[in-house]
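Chemist: One structure is given below, represented as structure tokens, and several questions about it will come after.
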Amino acid sequence: MIVYLTQRLGQTALVLAAVSLLAFLMFRFLGDPVVAILGANSTGLQRDELRRQMGLDGPLPLQFIDYVLGMLRGDFGLSYRLGQPVLRVLAERVPATMELALVGMAIALCIGIPAGVYTALRPAGMLSRLTMLASLVGISMPSFFMGMLLIFIFSVTLGWLPSFGRGETVRLGSLWTTGLLTVSGLKAILMPAITISVFQIAMIMRLVRAQMIEALRTDFVRFARARGLPSRAVNLRHALANTLVPVVTVVGLQLGSIIGFAVVTETVFQWPGLGLLFLQSVAAADIPVLSAFLVFIALVFVTINFLTDLLYAAIDPRIRLSDKGSIA
Amino acid sequence: MTILDVSGLSVRFASQGRTVHAVEDVSFSLAAGETLGIVGESGSGKSVTALSVMRLVPTPPGRIVAGRVLFQGRDLLTLGDEDIRRIRGREIAMIFQDPMTSLNPVLTIGRQLTEVLEVHLGLHPRAARNEAVDLLKLVGIPEAASRLDEYPHRFSGGMRQRVMIAMAVACKPRLLIADEPTTALDVTIQAQILEILSNLQRELGMAMVLITHDLGVVAGLADRVAVMYGGQIVEEGPTAALFADPRMPYTIGLLGSIPRLDRPDDRRLTPIRGKPPEAAGRPVGCRFAPRCQHVAPVCRTEAPPFRPIGHDRHARCHFEVRLTDEGVHAQGSRVLSPKDA
């Protein structure tokens, strides 16, 4: 297990280094930061001076090392657009997005897995057919439309839920703000989280259903039935447990992509998260924020992947790599 | 005392708009502690018969359309789902052919053993664990206590088959149905597994239905044999009598097509001509007629009855086929005596 963990950590470091390089190169090839800071009217002398001050006149590898060292200290430079340290800008936005993604995924799992199991157990039932139909709608409905529909029903018509923003937030520690502890925060997160979860529910449900149907046909499920185990034990302990590896894989990847790319939903609900920040930064060519964003997303994916691998080992003993060979 | 009495069992499968008669009018009975061997080719209905007794025929597409399965006087086919579940694993246990796929890969074998004990006998987890160790010892697994927390992939095929047997007999069932228990195993392991089965049977006083296509296995273990062909039992009787003097041409062919070491024999093996019938397109008369060497016109038009032939024996044939001293390999040496024709 230790060897395995070290290997994984090594791979993780490699991925992050590669992404940092890309993030760094953005500075070189996407506009000149010196011009961006001093403005188009500055003289060549002024620019050279600033370049020297910022260490931008040295050889590229040296600059990259500087960049990485800065990154490790949490220094991603200043946002061109906001004039604030990039880290602080990100730190303000990350909690909103993370909470949205986690709540959305939690909803998706709570509905998707039971629905998948149910439709697998009663493939011919009326409710199963309806659920499958609904999931088709869920998978094909664009999230901006879903968001607007929810806003129209629950904000405009019924007036129950706020149509934008995050509601009141509470500060936890120095970095994190949460909207999950206030009523207005909970109300505010409901619609965006549902919007995000609709596609995920449909996908998780279909995946669980397909895996479950497969698992129910296995010899060990038949043997479990032949031993007279109650159907709940057969269906959940024996069948469902064997479907979880692919489910965990997909959920991990999806969680990463919700965190990284919830742009549309965040825009529709004016959710003060990373997606909104990303759009604003692209519009303003705010390279430091964009490159830090890139590194952050890479970090998220790498972390999730790592956790998924650990989960595999917990779910399926055959994946535990440190095991001694099988005994003949 | 009769423990299992199956009569008139018929099972159909709906397959692509056609109805397949997988099992048709199967009857047999089994006394407590007795072993019945059911032999036949693949697709002859042996496994479906066994699954019907357990009420494990996948429905749909399968459906038990007729018959009675009396187990200790109760008709299993009319029991509710919950009642039959209580019988499965506790009073009637079943083991399957493939030990590699019949154990759940994500649960320890200890868990898979104890869950049966907890469900059926209401044992406390700790008591169940102790019992599980004893069960593993019973089927000859070394260092049983330490292997309880291991997962199936750490066990070899023969060991897994032992584990499967331990799980099946955990609640000391009255009847064990073994569906091709040795088919997937090496020959050396086969003998060990068969020995374990016969020891367990003696110790626990279980009756056993042993399904196999291996006549050698049946000869060694079974008190009685039922030969299945095309979804029907075509001959049934005490093992020794049936092997020494098979009556139904299919049984004769089956015995003639395997090498025998117990006879100095320079004769050639005689395979049965043709292919087994497809379950969907079976002939009107005798199922075996298209392949039978002694076929007569009546065989093609009229299904033969399953009738008594001599003491304690039945066969499904219009004719009484007798063998001469030449044995089963001799050609054209049988005396046919048309009865109904």
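The values are calculated or read from the model by the stated rules, or taken from the named source; none is laboratory data. What you are looking at is a predicted structure, and each value in this text was computed from that prediction instead of being measured. Neighbour counts are summed over all protein chains in view; Cβ atoms, including those assigned to glycine, are modelled from backbone coordinates with ideal geometry. Ligands, DNA and RNA are stripped out before the accessible areas are found, and what is left, the full protein with its side chains, is counted by its heavy atoms. Shrake-Rupley method; radii C 1.70, N 1.55, O 1.52, S 1.80 Å.
Chemist: List the accessible area buried at the contact between A and B, summed over both sides and calculated with a 1.4 Å probe, in Å² to the nearest 100. Don't skip to the answer; put the middle values down first.
Modeler: On the way: alone 18150 and 15700 Å², together 31320 Å².
Using a 1.4 Å probe on protein heavy atoms, the buried area is about 2500 Å².
Chemist: Let me ask something else. Within region B:94-109, whose backbone N sits under 20 Å from a point 7 Å along Cα→Cβ of A:GLU214?
Modeler: Zone members listed by number: B:100-107.
Chemist: May I ask you to derive the FRET efficiency for B:ASP81 and B:SER198 from their Cβ-Cβ distance with R0 = 45 Å, giving the value to the nearest 0.05? Let's see the in-between values first.
Modeler: Values: r = 33 Å, r/R0 = 0.74.
The calculated FRET efficiency here is 0.85.
Chemist: Something else now. Taking the Cβ-Cβ separation of A:THR6 and A:ARG73 as r and a Förster radius of 25 Å, what is the calculated FRET efficiency to the nearest 0.05? Walk me through the numbers on the way to the answer.
Modeler: Details: r = 25 Å, r/R0 = 1.00.
Here the calculated transfer efficiency is 0.50.
Chemist: Using only the alpha carbons of region A:25-100, determine the length spanned along each of the three principal axes and report them from longest to shortest in whole angstroms.
Modeler: 47, 29, 19
Chemist: Between region A:101-120 and region A:124-164, how many Å separate their Cα centres?
Modeler: If we compute the Cα centre of each part, the gap is 15 Å.
Chemist: When only alpha-carbon atoms are used, what values of Rg and Dmax, in angstrom, describe region B:16-80?
Modeler: 12.8, 42
Chemist: Per residue of B:148-156, how many C-beta atoms from partner chains lie within 10 Å of its own C-beta, taken as a mean? Mind dumping the intermediate values first?
Modeler: On the way: counts 0, 0, 4, 6, 4, 6, 8, 3, 3.
Mean partner-chain Cβ count within 10 Å for B:148-156: 4.
Chemist: If you filter region A:212-307 for trypsin sites (Lys or Arg not before Pro), then keep DSSP loop positions with at most 16 other Cβ within 10 Å, what is left? Numbers along the way, then the final one.
Modeler: Values: sites: A:ARG217, A:ARG222, A:ARG225, A:ARG227, A:ARG232, A:ARG237; in loops: A:ARG217, A:ARG227.
Loop-located and lightly packed - A:ARG217.
Chemist: Nearest 20 debye, what's the magnitude of the dipole of region B:114-254 about its Cα centre given +1 on Lys and Arg Cβ and -1 on Asp and Glu Cβ? Before the final figure, lay out the partial values.
Modeler: Numbers: 12 positive and 17 negative charges, 55 e Å.
That gives a dipole near 260 debye.
Chemist: Work out Dmax and Rg for region A:187-228 from the C-alpha atoms and quote the Rg first, both in angstrom.
Modeler: Rg then Dmax for region A:187-228, in Å: 17.0, 50.
Chemist: What whole-number value in Å² describes the accessible area per residue of region A:52-116 for a 1.4 Å probe? Show your work: numbers first, answer last.
Modeler: Numbers: 3410 Å² over 65 residues.
In whole numbers, region A:52-116 has 52 Å² accessible per residue.
Chemist: Please average, across the residues of B:87-98, the number of beta carbons from any other chain that are within 10 Å of each residue's own beta carbon, and give a whole number. Show your work: numbers first, answer last.
Modeler: Numbers: counts 1, 5, 7, 2, 1, 2, 3, 5, 3, 5, 1, 3.
Taking all residues of B:87-98 together, the mean is 3.
Chemist: Based only on Cα atoms, what mean projected area does the convex hull of chain B have, in nm²? Working shown, then result.
Modeler: Details: hull surface 74.4 nm².
So the Cα hull casts an average projection of 18.6 nm².
Chemist: Carbon and sulfur: what percent of the protein assembly as shown's accessible surface (1.4 Å probe)?
Modeler: 61 percent
Chemist: Let me ask something else. Name the residue from A:ILE201, A:GLY167, A:LEU102 whose Cα lies farthest towards the positive end of the charge dipole of chain A, charges +1 on Cβ of Lys and Arg and -1 on Cβ of Asp and Glu.
Modeler: It is A:ILE201.
Chemist: I would also like to ask the following. So what are region A:109-202's ellipsoid semi-axes, whole angstrom, largest first, if each one is the square root of 5 times an eigenvalue of the alpha-carbon gyration tensor? Provide the component values of the computation, followed by the final result.
Modeler: On the way: eigenvalues 191, 59, 23 Å².
Gyration-tensor ellipsoid for region A:109-202: 31, 17, 11 Å.
Chemist: While we're on this one: When ranked by the protection proxy of mean other Cβ atoms within 10 Å per residue, highest first, what sequence do the peptides A:167-173, B:45-51 form? Don't skip to the end; give the middle numbers.
Modeler: Values: A:167-173: 13.1, B:45-51: 24.4.
Ranked from most to least packed, the peptides come out as B:45-51, A:167-173.
Chemist: What value in Å³ per residue do you get for the convex hull of the alpha-carbon atoms in region B:144-266?
Modeler: On the way: hull volume 17.5 nm³, N = 123.
Looking at region B:144-266, the number lands at 142 Å³ per residue.
Chemist: Could you tell me which of rounded, prolate or oblate describes chain A, using a ≥ b ≥ c as the square roots of the eigenvalues of the alpha-carbon gyration tensor, with rounded for a/c under 1.5 and, failing that, prolate when a/b is larger than b/c and oblate otherwise?
Modeler: Working: a/c = 2.96, a/b = 1.56, b/c = 1.90.
Verdict is oblate for chain A.
Chemist: Rank by packing, highest mean first: peptides B:12-23, B:228-239, A:57-68, with packing defined as the count of other Cβ atoms within 10 Å averaged across residues.
Modeler: On the way: B:12-23: 16.4, B:228-239: 24.2, A:57-68: 13.4.
Peptide ranking by packing, descending: B:228-239, B:12-23, A:57-68.
Chemist: Using the crude model of +1 on Lys and Arg Cβ and -1 on Asp and Glu Cβ, and no other charge, please compute the dipole size for region A:1-83 relative to its Cα centre, in debye to 20. Walk me through the numbers on the way to the answer.
Modeler: Values: 7 positive and 6 negative charges, 42 e Å.
It works out to roughly 200 debye.
Chemist: Averaged over B:164-177, how many beta carbons belonging to a partner chain fall within 10 Å of each residue's beta carbon? Kindly include the intermediate steps, with their values, before the conclusion.
Modeler: Numbers: counts 4, 0, 0, 4, 3, 0, 1, 2, 0, 1, 0, 0, 0, 1.
So the per-residue partner count for this stretch is 1.
Chemist: Tell me whether region A:127-174 comes out rounded, prolate or oblate; compute the Cα gyration tensor, take square roots of the eigenvalues as a ≥ b ≥ c, and use a/c under 1.5 as the rounded threshold.
Modeler: prolate
Chemist: Where nothing but the Cβ of Lys and Arg (+1) and of Asp and Glu (-1) is charged, how large is the charge dipole of the protein assembly as shown around its Cα centre, in debye to the nearest 20? Walk me through the intermediate numbers first.
Modeler: Values: 65 positive and 54 negative charges, 173 e Å.
So the magnitude is around 820 debye.
Chemist: Projected onto the charge dipole of the protein assembly as shown (+1 at Lys/Arg Cβ, -1 at Asp/Glu Cβ, origin at the Cα centre), which of B:MET228, A:TRP176, B:ASN104 gives the Cα projection farthest towards the positive end?
Modeler: B:MET228
Chemist: Can you tell me how region B:110-164 classifies by the Cα gyration tensor, rounded, prolate or oblate, using a/c under 1.5 as the rounded cut?
Modeler: Prolate, because a/c is 1.5 or more and a/b exceeds b/c.
Chemist: Given H placed on each backbone N at 1.01 Å, which residues far from B:ILE38 in sequence or on other chains put an amide H within less than 5 Å of it?
Modeler: B:LEU210, B:ILE211, B:THR212, B:ALA226
Chemist: Estimate the FRET efficiency between A:GLN53 and A:VAL250 by the formula 1/(1 + (r/R0)^6), using the beta-carbon distance for r and 35 Å for R0, to the nearest 0.05. The partial results should precede the final answer.
Modeler: Working: r = 49 Å, r/R0 = 1.39.
With a Förster radius of 35 Å, E is 0.10.
Chemist: List the residues, sorted by chain then number, that are 5 or more residues from B:ALA93 or on another chain and whose placed amide H is less than 5 Å from its amide H.
Modeler: When sequence neighbours closer than 5 places are left aside, the close amide H contacts are B:LEU175, B:LEU176, B:ILE177.
Chemist: Still on this structure, please answer the following. Compute the Rg to Rh ratio over region B:42-127 from the alpha carbon atoms, using the Kirkwood formula for Rh, and round to two decimal places. Mind dumping the intermediate values first?
Modeler: Numbers: Rg = 15.1 Å, Rh = 15.0 Å.
For region B:42-127, the value is 1.01.
Chemist: Rg(Cα) of region B:78-130 divided by 2.2 N^0.38 Å? Let's see the in-between values first.
Modeler: Values: Rg = 12.8 Å, N = 53, 2.2 N^0.38 = 9.9 Å.
With N residues counted in region B:78-130, Rg over 2.2 N^0.38 Å equals 1.28.
Chemist: Here is a further query. Place a point 7 Å from Cα of A:SER257 in the direction of its Cβ. Which residues in region A:163-198 have their backbone N less than 20 Å from it?
Modeler: A:192-198
Chemist: Would you mind working out the accessible area per residue for region A:179-328, using a 1.4 Å probe, and quoting it in Å²? Show your work: numbers first, answer last.
Modeler: Values: 5950 Å² over 150 residues.
Per residue, region A:179-328 has 40 Å² of solvent-accessible surface.
Chemist: Turning to a different aspect of this structure: Relative contact order for chain B: what percent, with Cα pairs under 8 Å and sequence separation of 6 or more? Write out the running numbers ahead of the final one.
Modeler: Working: 638 pairs, mean separation 63.4, N = 341.
Value for chain B: 19 percent.
Chemist: Further question: Using the Cα atoms as the points, what is the convex hull volume per residue of the protein assembly as shown in Å³?
Modeler: On the way: hull volume 152.5 nm³, N = 669.
It comes to 228 Å³ per residue, whole-number rounded.
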